[in-house]
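First up is the structure itself, then whatever we jot down about it.
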Amino acid sequence: MAIQRTFSIIKPDATKRNLTGKIIAKFEEAGLRIVASKRIQLTLAQAQAFYGVHKDRPFFDELCEFMISEPIVVQVLEGEDAIAKNREVMGATNPEEAAEGTIRKEFALSIGENSVHGSDAPETAAEEIAFFFSGLELVG
Ligand code: IDP
């Protein structure tokens with residue numbers, strides 16, 4: 001399996017509860033290496049652009065308001081099969097359905113306030129990394 005990069009967000013519910021380090025430890029324990037990282041606060045326009053694919057979903061406004069409510073930590077994770085591996089470590093979208101030991105099972109508050117985002121495919125990973133990081137910020 002090839003080395004991949006994926007894009008991750010530690011969401012407002014997690015930064016607010018001071019869980020950043022615990023979540024990063026889960027990534028590192030799974031063999032994912034952090035090759036870029038920054039703490040930022042999104043504007044509403046940025047959140048709407050990032051989640052544009054969901055703009056017709058009923059939870060879109062709630063999701064964007066949540067994503068701007070506190071700072072977030074955006075990261076690029078690298079490793080073997082990183083996209084699938086990160087999705088596995090994150091767990092299911094709804095924490096009630098997430099497997100034991102996953103980030104969402106341990107930390108998420110609800111299906112919306114679910115602590116982490118992770119890219120779902122190589123194309124979206126490339127787009128999402130480029131949305132937040134310049135090449136100079138990726139240090140493998
Ligand atoms: P994912 O983050 O597991 O890939 P998606 O279905 O792509 O899940 O949804 C993106 C995000 O939208 C979720 O992580 C969650 O924060 C939010 N979301 C998804 N479904 C709901 C819902 O039914 N109510 C509120 N927020 C939701």
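Checking Val73 against (1) closer than 21 Å to Thr6 by Cα; (2) open to solvent by 30 Å² or more (accessible area, probe 1.4 Å), only one condition comes out false. Which one?
Unmet condition: (2).
Sort through Glu128, Glu65, Glu100 and tell me the only one that's charged (D, E, K, R) and under 11 Å from Phe7 (Cα atoms). Don't jump to the end; show me each part of the working.
Details: Glu65 fails: under 11 Å from Phe7 (Cα atoms); Glu100 fails: under 11 Å from Phe7 (Cα atoms).
Criteria check complete, one pass: Glu128.
Scan (1) in contact with a Gly (Cβ under 9 Å, 6 or more places away or on another chain); (2) more than 12 Å from the ligand (Cβ to nearest atom); (3) assigned to a loop (DSSP other than H, G, I, E, B) for the single condition Glu106 breaks and write down its number.
Failing condition for Glu106: (3).
Considering the stretch 1-21 alone, what residues qualify as being open to solvent by less than 10 Å² (accessible area, probe 1.4 Å), among the polar types (S, T, N, Q) and not in a strand (DSSP E or B)?
If the condition is that a residue be open to solvent by less than 10 Å² (accessible area, probe 1.4 Å), among the polar types (S, T, N, Q) and not in a strand (DSSP E or B), then no residue fits.
I'm checking my understanding of the structure. Among residues of the stretch 22-54 that are among the basic types (Lys, Arg) and in a helix (DSSP H, G or I), which one is farthest from the ligand (Cβ to nearest atom)? Before the answer, list the steps.
Going residue by residue through the stretch 22-54, those that are among the basic types (Lys, Arg) are 22, 26, 33, 38-39.
Now restrict to residues that are in a helix (DSSP H, G or I): 22, 26.
Details: Lys22: 19, Lys26: 16 Å.
If we take residues in the stretch 22-54 being among the basic types (Lys, Arg) and in a helix (DSSP H, G or I), then Lys22 is farthest from the ligand (Cβ to nearest atom).
Pick from the stretch 109-125 the residues that are crowded, with 17+ Cβ neighbours inside 10 Å and not in a loop (DSSP other than H, G, I, E, B): which of them is nearest to the ligand (Cβ to nearest atom)?
In the first step, residues of the stretch 109-125 are kept if they are crowded, with 17+ Cβ neighbours inside 10 Å; the result is 113-119, 125.
Now restrict to residues that are not in a loop (DSSP other than H, G, I, E, B): 116-118, 125.
On the way: Val116: 8, His117: 5, Gly118: 7, Ala125: 12 Å.
Here the answer is His117.
Given the options Phe66, Phe59, name the one that is of a type in the set (Phe, Trp, Tyr), surrounded by fewer than 16 Cβ atoms within 10 Å (Cβ to Cβ) and free of Cβ contacts under 8 Å to residues at least 60 places away in the same chain.
Phe59
If I filter the stretch 93-103 down to residues being open to solvent by less than 30 Å² (accessible area, probe 1.4 Å) and in a loop (DSSP other than H, G, I, E, B), which single residue comes out as nearest to the ligand (Cβ to nearest atom)?
Going through the qualifying residues, I end up with Ala98.
Does Asn86 fit the bill of being within 13 Å of the ligand (Cβ to nearest atom), assigned to a loop (DSSP other than H, G, I, E, B) and open to solvent by less than 20 Å² (accessible area, probe 1.4 Å)?
Considered against the rule, which asks whether it is within 13 Å of the ligand (Cβ to nearest atom), assigned to a loop (DSSP other than H, G, I, E, B) and open to solvent by less than 20 Å² (accessible area, probe 1.4 Å), Asn86 comes out as no.
The values are calculated or read from the model by the stated rules, or taken from the named source; none is laboratory data. Not measured: the values here are computed from a predicted model. Cβ: placed from backbone, ideal geometry, glycine included. Neighbour counts: every protein chain shown. Side chains included, ligands, DNA and RNA excluded: accessible areas come from the protein's heavy atoms. Shrake-Rupley method; radii C 1.70, N 1.55, O 1.52, S 1.80 Å.
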